[in-house]
Amino acid sequence: MTLDDLPAPNTKRWVIRRKAQVVVAVRSGVLSLNDACSRYNLSIEEFLSWQRLIDRHGIGGLRATRIQQYREIGEGP
């Protein structure tokens, strides 16, 4: 994976695939956490919540409706 494989820096619509790409990029060292947050205008907490959701629920956990369901049952970020 390279920077060219990542979503555009001006991404506004965060679908599952794009969120997962950013998490993989940080985990593999393509981007640092701070660089990813700066590039995509994310808070560290938001990025870490994506990472936790993937760890706990797989990529499907990144679905917006799934996030709401997980939070309702006490498994939020």
- Between residue 46 and residue 11, with labels modelled 7 Å along Cα→Cβ, what's the label distance in nm to one decimal, could you check? 1.2 nm
- Task: With the full set of protein chains in place, find how many percent of the accessible area of the range 6-65 is carbon and sulfur; take the probe as 1.4 Å.
- Result: 50 percent
- Message: Can you order the peptides 15-22, 29-36, 47-54, 4-11 by their average number of other Cβ atoms within 10 Å per residue, highest first?
- Response: 47-54, 15-22, 29-36, 4-11
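The values are calculated or read from the model by the stated rules, or taken from the named source; none is laboratory data. What you see is a predicted model; the values in this text were computed from it and never measured. All Cβ positions, even for glycine, are placed from backbone atoms using ideal geometry, and neighbour counts span all protein chains on display. What goes into the accessible areas is simple: the full protein's heavy atoms, side chains included, and nothing from ligands, DNA or RNA. Shrake-Rupley method; radii C 1.70, N 1.55, O 1.52, S 1.80 Å.
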